[in-house]
1. If you check every pair at least six apart or on different chains, which have Cβ atoms under 7 Å apart with a residue in the range 234-262 that is closer than 22 Å to residue 273 by Cβ first and a residue that is modelled with pLDDT under 95 second?
2. Which of the residues belonging to the range 111-123 are in contact with a strand residue (DSSP E or B) (Cβ under 6 Å, 6 or more places away or on another chain) and either modelled with pLDDT under 95 or in a loop (DSSP other than H, G, I, E, B) (or both)?
3. Looking at the range 124-138, can you tell me whether even one residue there is touching a strand residue (DSSP E or B) at 6+ places or on another chain (Cβ under 8 Å), under 29 Å from residue 263 (Cα atoms), free of Cβ contacts under 8 Å to residues at least 24 places away in the same chain and surrounded by fewer than 17 Cβ atoms within 10 Å (Cβ to Cβ)?
4. Identify all residues within the range 140-172 that are in contact (Cβ under 8 Å) with a residue 24 or more places away in the chain and not in a strand (DSSP E or B); write none if there are none.
């Protein structure tokens, strides 16, 4: 892993000087280090079994290379120390090529490789969250990654795309093709509404899963509202869930978030219940990038209660320190 990263960075330093006559190749580096302390304080059995857990959750480096006008390569490499032996699929979060024939990031586009599924309100990386943990819909009812091909149209904030990929979070596998798509509709300065759907695996109609998801991200001055409704169907088994989140930015360095979500899922990872989460985001260090200030170091305390139907309520406290560049 270390040798691979070193070679990749060395290549990035050499590429811009490869040809004096060619347009310069632009390379952007992003990444983060995510460390946390978690404590499940209820019920008593969970508390005694888990105690306090702390350490590095995830480290990631993203390399984005603009090879030519309209052509971009991106690779996101991450490491989860708690996941045990690292596999290729676990290390490579994203690796794809995206091409806009018009020579910029608008108009028709084609994507090939592995990329984060553009489904739902919450993101796979902690840098896109308003709290420490992801909700029930992200964890159980939507894919995290897609692996295959996509094409679509991007104009301003409007974006439409269709994809042909493997099934949810699956690397290259025979007879596992799935289809899906997403439509992003802008609402001016207020935000966007998205509609996503997937169906597959196509060749196994008895076990194929149909999913439709509607999400919205809306901003009203200092208040951000996130909402999501998700429906799934496998044969006669159903899945239905929703999420509602509100986050208020007191200033550039302090914010407070409250999230409520519910899921009733009869297939896959079966779950019925809800969760309530309260969190704060405390900026400790700001840095400037591309002419704007971003939070480079944040402290995120979170209090979460999971209330499964017919089971004990699980209470968890987390304290996260997130550094990003």
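1. 234/207
2. 117, 118, 119, 120, 121
3. In the first step, residues of the range 124-138 are kept if they are touching a strand residue (DSSP E or B) at 6+ places or on another chain (Cβ under 8 Å); the result is 124-127, 130-133, 135-137.
Next, only the ones that are under 29 Å from residue 263 (Cα atoms) stay: 124-127, 130-133, 135-137.
In the following step, the residues that additionally are free of Cβ contacts under 8 Å to residues at least 24 places away in the same chain were identified as none.
No: zero hits.
4. 140, 141, 142, 143, 144, 156, 157, 167, 168, 169, 171, 172
The values are calculated or read from the model by the stated rules, or taken from the named source; none is laboratory data. Source: prediction; values computed, not measured. All Cβ positions, glycine included, derive from the backbone under ideal geometry; neighbour counts span all protein chains shown.
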